[in-house]
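Q: Pasting a structure below so you can have a look.
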Amino acid sequence: MKSLVLGNRKALVEEVPDPAPEKEWVIVRIESTPICGSDKSAFLSETPVRNAGHEGSGVVVDSAGSTLLRNGDRVILNPLSGCGTCELCLTGNYIYCPDKPPFGTHFAQFVKVQDFVCTVFPEDISYDTAAMACCALGPAFSSIKRMNLRAFDTLLVTGLGPVGMGAVVIAKFLGARVIALDTVPFRKKMALEVLGADVVLDAADPGVKEKIREAAKPSRLVRAIDASGNPAAERLCIDALEPGGVISFVGENHDEIPIRPSEDFIRKGLTLMGSWHCNLNDRAEMISLLRRSPLVKRLITDTFGFSAVQTAFEKFMGGDACKVILKPWQ
């Protein structure tokens, strides 16, 4: 089968053996696999990377010993893996499992994957739309559900990469107002004109905090998602929210930000949380979002076959794209 190898700003196709099914590990023919922001590091790596790619959708072609799936099932390939037996896996939070077995790249024509991390989806949802349930929508979906965002609320979204755009999509589906921030012109325009954000501001504006508060009126601003991973943006969420607010960090930041327990938590009553992906027990709600929101498919800005994979990655790295879809069979 064809599979991708990334590194040194190159995306190449190579031939590798087809995976073989085993017990509850089934074989899925991949029909749609998006590029994730986390794949940038693989593309820029100085050494070859063969295990990038962890989103997608496809069809089960060998259900092996699975009791959950059968041949012909159309499935969403939720990211990564889990042991399947610990409390985290059994309660749907497999993404946090500490004993993940090795998993295969989704940048391939076939993948060997655990049956329980696959979500079966119906015929009226396309493979491309289904693939948005992974990194495009998953982190924000979990965040918005846990913070109980309602139509009466205003949500602040800092960072308008694909994950931040996903937050805009879900918030608008629920009827909430959205104030969105970024510095990239393409992203600001897309959030405002394509996805329907109510207010879009320049994150580099020195007066952006005051503009956020003004834009939120007359509502109280008590909900925020940071999808940038930028320390300044994360701190801005803390400073901009009013007492009793809830902030979810979904943008990767492995460094530190200043936190003041007294001012931020005791006297302001903020709740800070993080989200990696949505709980598997929310599958039915995710399917409903995919089916009912006309904005989900608008997250996809570009589609390329494996025959043009270098162009696909260059497009994604250029910053003037949202979700870029790869088609392994083209």
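Q: For the stretch 150-157, state whether one or more residues are free of Cβ contacts under 8 Å to residues at least 60 places away in the same chain and not assigned by TED's automatic domain parsing to the domain that holds I95.
A: Scanning the stretch 150-157 turns up at least one residue that is free of Cβ contacts under 8 Å to residues at least 60 places away in the same chain and not assigned by TED's automatic domain parsing to the domain that holds I95.
Q: In the stretch 37-53, what count of residues is obtained for those that are surrounded by 17 or more Cβ atoms within 10 Å (Cβ to Cβ) and under 16 Å from the mean Cα position of the chain (by Cα)?
A: The total comes to 3.
Q: Moving to a separate point now. Looking at G104, G72, can you tell me which residue is modelled with pLDDT under 95, over 19 Å from C278 (Cβ atoms) and out of contact with any Leu (no Cβ under 7 Å at 6 or more places or on another chain)?
A: Being modelled with pLDDT under 95, over 19 Å from C278 (Cβ atoms) and out of contact with any Leu (no Cβ under 7 Å at 6 or more places or on another chain) holds for just one of G104, G72, which is G104.
Q: Something else: Between a residue in the stretch 87-108 that is free of Cβ contacts under 8 Å to residues at least 60 places away in the same chain and any residue that is polar (S, T, N, Q) and part of a loop (DSSP other than H, G, I, E, B), which pairs come within a Cβ distance under 7 Å, given they are 6 or more apart or on different chains?
A: Once the first residue is free of Cβ contacts under 8 Å to residues at least 60 places away in the same chain and sits in the stretch 87-108, its partners that are polar (S, T, N, Q) and part of a loop (DSSP other than H, G, I, E, B) give K100/S81; P101/S81; F103/S81.
Q: Continuing with this model, one more query. Within the bounds of the stretch 37-48, is there any residue that is within 17 Å of F316 (Cβ to Cβ), aliphatic (A, V, I, L, M) and assigned by TED's automatic domain parsing to the domain that holds F304?
A: Within the stretch 37-48, one or more residues are within 17 Å of F316 (Cβ to Cβ), aliphatic (A, V, I, L, M) and assigned by TED's automatic domain parsing to the domain that holds F304.
Q: Exactly one condition in (1) assigned to a loop (DSSP other than H, G, I, E, B); (2) within 21 Å of D198 (Cα to Cα); (3) in contact with a Cys (Cβ under 9 Å, 6 or more places away or on another chain) is false for K145; which is it?
A: (1)
Q: What residue, among those in the stretch 3-19 that are out of contact with any Ser or Thr (no Cβ under 8 Å at 6 or more places or on another chain) and assigned to a loop (DSSP other than H, G, I, E, B), is surrounded by the most Cβ atoms within 10 Å (Cβ to Cβ)?
A: Looking at the filtered set, the residue picked out is P19.
Q: Tally time: how many residues in the stretch 35-55 are of a type in the set (S, T, Y) and either touching a residue at least 60 places away in the same chain (Cβ under 8 Å) or in contact with an Asp or Glu (Cβ under 7 Å, 6 or more places away or on another chain) (or both)?
A: 1
Q: Taking only pairs six or more apart or across chains, which ones have beta-carbon atoms under 9 Å, a first residue in the stretch 258-283 that is over 28 Å from N93 (Cβ atoms), and a second residue that is in a helix (DSSP H, G or I) and basic (K, R)?
A: Filtered contacts from the stretch 258-283: P258/R235.
Q: Wholly within the stretch 200-309, which strands (runs of 3 or more DSSP E) include no fewer than the required count, namely at least 3 residues that are surrounded by 15 or more Cβ atoms within 10 Å (Cβ to Cβ), in contact with a Lys or Arg (Cβ under 8 Å, 6 or more places away or on another chain) and outside the structural domain of F152 (by TED's automatic domain parsing)?
A: 300-305
Q: Only residues in the stretch 303-327 that are over 21 Å from Q109 (Cα atoms) count as the first member; pair them with residues that are in a strand (DSSP E or B) and among the polar types (S, T, N, Q), Cβ under 6 angstrom, at least 6 apart or cross-chain, and list the lot.
A: A321/T301; C322/T301
Q: Something else: Residues that are charged (D, E, K, R), part of a loop (DSSP other than H, G, I, E, B) and farther than 28 Å from P48 by Cα: does the stretch 119-136 have at least one?
A: yes
Q: Consider T85 carefully, then state whether it is surrounded by fewer than 20 Cβ atoms within 10 Å (Cβ to Cβ), assigned by TED's automatic domain parsing to the domain that holds P21 and not in a helix (DSSP H, G or I).
A: yes
Q: Here are some residues: V28, V16. Which one is in contact with a Gly (Cβ under 6 Å, 6 or more places away or on another chain) and either in contact (Cβ under 8 Å) with a residue 12 or more places away in the chain or over 16 Å from L326 (Cα atoms) (or both)?
A: V28
Q: So V60 passes all but one of these: (1) touching an Asp or Glu at 6+ places or on another chain (Cβ under 7 Å); (2) surrounded by fewer than 22 Cβ atoms within 10 Å (Cβ to Cβ); (3) outside the structural domain of P218 (by TED's automatic domain parsing). Which condition number does it fail?
A: Failed condition: (2).
Q: Could you check the stretch 193-237 and list, in sequence order, the residues that are over 21 Å from E263 (Cβ atoms) and aliphatic (A, V, I, L, M)?
A: Within the stretch 193-237, V194, L195, A197, V199, V200, L201, A203, A204, A215, I225, A227 qualify.
The values are calculated or read from the model by the stated rules, or taken from the named source; none is laboratory data. Note that the structure is a prediction, hence the values are computed from the model and not measured. Neighbour counts run over all protein chains shown; Cβ positions are idealised from the backbone, glycine included.
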